[in-house]
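Heads up: the structure comes next, in structure tokens.
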Amino acid sequence: MTSQYQPPQESGSIEHYDVIVIGAGVSGMYALHHFREMGLSVRVYDGASDVGGTWWYNRYPGARVDGPGSPFYCYTFSDELMQEWDWEETQSEWSAVLAYLEHVADKFDLRRDIQFETWVQDARYDESDQRWTVETDTGVRASAPFLICAVGALSTANMPDIPGIHDFAGECYHTGQWPHEPVSFEGKRVAVIGTGSSGIQSIPEIAKEAAHVTVLQRTPQYSVPANNRPITPEEMAEARADFDVIRARMRANPGGFPFATHSRAALDHTPEERNALYEELWQRGSFKFFLDGYNDIAVSEEANASLADFIRDKIRAVVRDPETAEKLMPDYFVMTKRPILDNGYFETFNRDNVTLVDLREDPIERFTPTSVVTRTGEHPIDMLVLATGFDAISGSMLRLDPKGRGGLSLKERWQDRFHNHLGMTIAGFPNLFMIHGPGSPGVFYNMPLGAERQLDWIGDFMWHLEKHGIGAVEPTLESEEAWGNEVSGIANATLFPRTDSWWTGANIPGKPRGFSAYLGGSLYYQRIADVAAKGYEGFAFEPAQQTKEAEAS
Ligand code: NA7
């Protein structure tokens, strides 16, 4: 295996590359491979000590792929990779995904161009040079005409601001920054704040070991059995047999998976027919519960209610204490927060060592060094687990806060709305490209495939710029406005924006509200292909510096 550490760089010097990539997760890794294949010099920076991004950080107990899952949550660019990698379970554990990504790093010799344990503190565009310069916390400075922000849609932890939380003297861990050393819950009283995917995955695992678990729940959730199971050799063989066909099906599917889509509507069926289908899908479990049902759940209140009622009944049937069951009843439109897959979450509330606190009626007032105090009393604890999620989608870009033309900061530019064009580019920030940023399908799409498709498009764009002697490109304000309206127009035709979620920015106080993702599915890739076919319509171009100088002389 290649070393995961790079040789030390000379402090204070400036290094020059064709492309700088920030982030060595799923997107940054493909960015490096792709641009290197194009013959460009590439440097990647990441604060972690190895590849994996989100999967490097999120190693809390129970962390698994909680989308449609393996074997199709993977890169598609290499047939050989597909042929040689065996996925073992349908909902791969974090360590299995990380093992895959480490294998990819080895196979394509990625680590030699990645500088780990190096945090990019500043990224600044120099208009006279048409280059970006990044400054890192290790003292390394680097410059390149292109800056790829593969900073992750779920990477910036949301740390709740609760009185006294910093005084808590016990162990405290955020699920998205889980320690690499083993964490023992044995004999401990553990409080978990948060019941999103991370809380719902980790709570059953923690409860198996801890003396007591206090679940501090703000919003009750719909969750569906993951029904994780081994992938059979036959299934693996089938997935590989004709990967060209599978890949084509993945690309044609709205979510990037090789599944058939359904055109049936819940309202065309009787309540009995609906419940029979829901029951069948429930028994099968997995994300297909959401995908193989009806196509009007996300757009019709009535259709949505039929599915919500079904899941609420399932929760009532599992949770023995009726009072606890009532506290666990979700009341938002199902699927309008990130759908959750669990491994025995509701069953966990039948254990003697688990207590549920409904923060809506019994809010947290403060922490003391040894307890969490809610309105109705004090809960002594030894450990606090923050499963409080992320400043999602736009948060990592805001944390980077690049400075564009005239030193304009992204925070200023994005004060009221996450202005962007095609979910990848921002006016005033020439030659900067975001992967899985706001305005792209991002978390609504198979993320490795989505990254490949965006980066392939960006690579083609770079060729185009080179061929036409263009040194700087950015979208026009008009195209940003139109794209923003297209993204919100699609979202507003659904129930999604009507629920507070990290998709709308509602989980972060003060964040501009707005549905961040492009919900049009594979239409997105058609849209960006059309833009390219029309000579990159909607962008403003500036000749390359050398061309400008030649013209002036
Ligand atoms: P999520 O889905 O954002 O869940 C965070 C949870 O934490 C959610 O239940 C929040 O309640 C709760 N939360 C956040 N802040 C607070 C405060 N201050 N007080 C009480 N409760 C709070 O993050 P996850 O990490 O679970 O999942 C993110 C994605 O990672 C997931 O979609 C997977 O793809 C992987 P709320 O619902 O906002 O009321």
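Readers should treat all values here as calculations from the given coordinates under stated rules, not as data from a laboratory. This structure is a prediction, so every number in the text was calculated from the model and none was measured. All Cβ positions, glycine included, derive from the backbone under ideal geometry; neighbour counts span all protein chains shown.
Give, in nm to one decimal, the length gained when the segment between Thr370 and Glu88 is fully stretched (0.36 nm per residue of separation minus the Cα-Cα distance).
Additional length available on full extension: 97.4 nm.
Would you please calculate the Kirkwood hydrodynamic radius of region 131-240 over all C-alpha pairs and express it in Å, rounded to one decimal?
Computed over region 131-240, the radius equals 18.5 Å.
Take Met82, Met397 and order them by how many other Cβ atoms sit within 10 Å, fewest up front.
Placing the least packed residue first, the sequence is Met82, Met397.
Would you grab the residues whose amide H sits under 5 Å from the one on Cys172? Only those 5+ places off in sequence or on another chain, please, with H modelled 1.01 Å from N.
Leu384
In square nanometres and to one decimal, what's the mean projected area of the convex hull around the Cα atoms of region 398-438?
Here the figure is 2.7 nm², rounded to one decimal.
I'd like the Karplus ³J(HN,Hα) series for region 299-313: coefficients 6.51, -1.76, 1.60, θ = phi - 60°, whole numbers in Hz, and an x wherever there's a Gly or Pro.
Values, residue by residue: 10, 10, 4, 5, 4, 4, 4, 5, 6, 4, 4, 4, 5, 4, 4 Hz.
Kindly put Ser394, Ser479, Ser516 in sequence by how many other C-beta atoms sit within 10 Å of each C-beta, fewest to most.
Ser479, Ser394, Ser516
Given axes a ≥ b ≥ c from the Cα gyration tensor, I'd like to know whether region 385-455 is rounded (a/c under 1.5), prolate (a/b larger than b/c) or oblate.
The shape class here is oblate.
Based on the Kirkwood radius over alpha-carbon pairs, what value in µm²/s does the Stokes-Einstein equation return for the translational diffusion coefficient of region 350-469 at 10 °C and 1.306 mPa s?
Approximately 86 µm²/s, per Stokes-Einstein.
Under the Kirkwood approximation for Rh and a Cα-based Rg, what ratio Rg/Rh is obtained for region 321-363?
That ratio is 0.98, to two decimals.
Pairwise over distinct Cα atoms, reciprocal of the mean inverse distance: report the Kirkwood radius of region 278-346 in Å, one decimal place.
Its Kirkwood hydrodynamic radius stands at 12.7 Å.
Name the residue farthest towards the positive end of the dipole of region 256-370 from the options Gln283, Met329, Val318, assuming +1 on Cβ of Lys and Arg, -1 on Cβ of Asp and Glu, about the Cα centre.
Final value for the positive-end residue is Gln283.
Within 10 Å of each residue's Cβ, count the other Cβ atoms and sort His174, His212, His269 from fewest upward.
His269, His212, His174
Give me the distance in nm between label points sitting 7 Å out from Cα along the Cα-to-Cβ direction at Glu15 and Asp460, one decimal.
Result: 3.1 nm between the two label points.
May I ask for the distance between the Cα centers of region 503-529 and region 45-85, given as a whole number of Å?
Between the Cα centre of region 503-529 and that of region 45-85, the gap is 23 Å.
Add +1 for every Lys or Arg and -1 for every Asp or Glu among the other residues with Cβ under 11 Å from the Cβ of Arg366, and state the total.
Around Arg366, the surrounding residues sum to -2.
Would region 268-310 count as rounded, prolate or oblate if I go by the C-alpha gyration tensor, calling it rounded below 1.5 in a/c and otherwise prolate when a/b exceeds b/c, oblate otherwise?
Here region 268-310 falls in the oblate category.
Enumerate lysine pairs in the chain that are 8 or more residues apart or on different chains, then count those whose Cα atoms are under 30 Å apart.
Step by step, the pairs that qualify in the chain add up to 24.
Can you give the calculated 222 nm mean residue ellipticity of the chain, where each DSSP H run of n ≥ 4 adds -39,500 (n - 2.57) and the sum is split over every residue, rounded to the nearest 500 deg cm²/dmol?
After summing the helix terms and dividing by the residues of the chain, the value is -9500 deg cm²/dmol.
With viscosity set to 1.306 mPa s and temperature to 10 °C, compute the Stokes-Einstein D of region 28-93, Rh being the Kirkwood radius across alpha carbon pairs; µm²/s, no decimals.
The estimated diffusion coefficient comes to 113 µm²/s.
Take the Cα atoms of the chain, find their three principal axes, and give me the spread along each one in whole Å, biggest first.
Computed over the chain, the largest-to-smallest principal extents equal 83, 56, 47 Å.
Quick check: the distance between the Cα centres of region 271-318 and region 384-454, to the nearest angstrom?
Here the answer is 33 Å between Cα centres.
For a paramagnetic label modelled at 7 Å from the Cα of His262 toward its Cβ, which residues of region 272-286 fall within the zone defined by backbone nitrogen distances under 11 Å?
The answer is 274-282.
Can you check what the net charge comes to around Glu481, using other residues whose Cβ is under 13 Å from the Cβ of Glu481 (Lys, Arg +1; Asp, Glu -1)?
Neighbour charge sum, excluding Glu481 itself: -3.
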